[in-house]
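The structure appears right after this line, and notes come after that.
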Amino acid sequence: MRADEDMMRRLILLRHTKSDWPPGMVDHDRPLATRGRRAAPLLGRWLISNGYVPDRVIVSTAERTRETWALARAGQTQLPPGEPEPRIYEAPPWQLLNVIRETGDDVATLLLVGHNTGIEDLAAGLIAAGPEDQRRRLSRKYPTGGLAIIDCAAHSWRDVGAGSGTLVAFIVPRDLDPEAE
């Protein structure tokens, strides 16, 4: 982050990678599909190679989100472990925002691993600026494994809200490997 990082908060929103749905399995327990297991490590390496290392990671308690983050950080010692948070599972954007606003100000970069439509709707509500092509792409579809880097003009996480964000980057697994999404 820039020298004025005390006035900026970086939020990274990651939608879990492609999941499977075996017969008879409840939604919360769904594992990743082969494509999802292949995509997650690519995202972790991309975060590291682009300098987007979070200080804190909060993960939905669903199996597919926990597995996404575990595979993303496998072998990437710079990435912190994920903290399970049941309120992220199937959360609407206002609930995700509540979780974000509870974050301590010692955290400059926060990463949430969650689900749609909450992640997509939260990103849409926060982002007011950034590269037009990336914003348009994000608004069309936030696929599994979608990862948005959003800089928020806020002294505190409590100040993050509608229109406070600038989209820095939006990537999907297919950007990193055409067979990964």
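The values are calculated or read from the model by the stated rules, or taken from the named source; none is laboratory data. Please read these numbers as outputs of a predicted model, since none were measured by experiment. For neighbour counting, all protein chains shown are included, and Cβ atoms are generated from backbone atoms with ideal geometry for every residue, glycine included.
Observations, loosely collected:
- Taken together, the residues in segment 145-164 that are under 14 Å from the mean Cα position of the chain (by Cα) and either more than 18 Å from Arg56 (Cα to Cα) or of a type in the set (Ser, Thr, Tyr) (or both) amount to 2.
- Exactly one residue out of Asp27, Asp55 is of a type in the set (Asp, Glu), touching a residue at least 12 places away in the same chain (Cβ under 8 Å) and out of contact with any Pro (no Cβ under 8 Å at 6 or more places or on another chain), and it is Asp27.
- Residue count, segment 43-81 (criterion: in a strand (DSSP E or B) and more than 14 Å from Thr17 (Cβ to Cβ)): 3
- In segment 82-95 there is no residue that is modelled with pLDDT of 95 or more, over 22 Å from Ala154 (Cα atoms), loosely packed, with under 15 Cβ neighbours inside 10 Å and in contact with a Pro (Cβ under 8 Å, 6 or more places away or on another chain).
- Test: Gln76 is modelled with pLDDT under 95, polar (S, T, N, Q) and in contact with a Lys or Arg (Cβ under 8 Å, 6 or more places away or on another chain): yes
- Flag if Arg9 is in a helix (DSSP H, G or I), modelled with pLDDT of 95 or more and touching a helix residue (DSSP H, G or I) at 6+ places or on another chain (Cβ under 7 Å): no
- Conditions (1) surrounded by fewer than 18 Cβ atoms within 10 Å (Cβ to Cβ); (2) without any contact (Cβ under 8 Å) to a residue 60 or more places away in the chain; (3) touching a helix residue (DSSP H, G or I) at 6+ places or on another chain (Cβ under 9 Å); number of the one not met by Ser49: (3)
- Those residues of segment 137-181 which are among the hydroxyl-bearing types (Ser, Thr, Tyr) and closer than 24 Å to Gly36 by Cβ, in sequence order: Ser139, Tyr142, Thr144
- Those residues of segment 99-138 which are over 16 Å from Val168 (Cβ atoms) and of a type outside the set (Val, Ile, Thr), in sequence order: Arg101, Glu102, Gly104, Asp105, Asp106, Gly114, His115, Asn116, Gly118, Glu120, Asp121, Gly125
- Candidate set from segment 124-155 (those that are more than 22 Å from Ala72 (Cα to Cα) and of a type in the set (Lys, Arg)); member that is surrounded by the most Cβ atoms within 10 Å (Cβ to Cβ): Arg135
- In segment 52-69, the qualifying residues are those that are surrounded by fewer than 17 Cβ atoms within 10 Å (Cβ to Cβ) and not charged (D, E, K, R), and the one that is nearest to Arg15 (Cα to Cα) is Thr61.
- Considering segment 17-30, and only residues there that are outside any helix (DSSP H, G or I) and over 18 Å from the mean Cα position of the chain (by Cα), the residue that is surrounded by the most Cβ atoms within 10 Å (Cβ to Cβ) turns out to be Arg30.
- Pairing residues of segment 115-131 that are over 20 Å from Leu32 (Cβ atoms) with residues that are in a helix (DSSP H, G or I), at Cβ distances under 7 Å and at least 6 apart in sequence or on separate chains, gives Asp121/Pro93; Leu122/Pro93; Leu122/Leu96; Leu122/Leu97; Ala123/Leu138; Ala124/Ser139; Gly125/Pro93; Ile127/Arg135.
- Tally, over segment 14-49, of residues that are among the hydrophobic types (A, V, I, L, M, F, W, C) and at pLDDT below 95: 2
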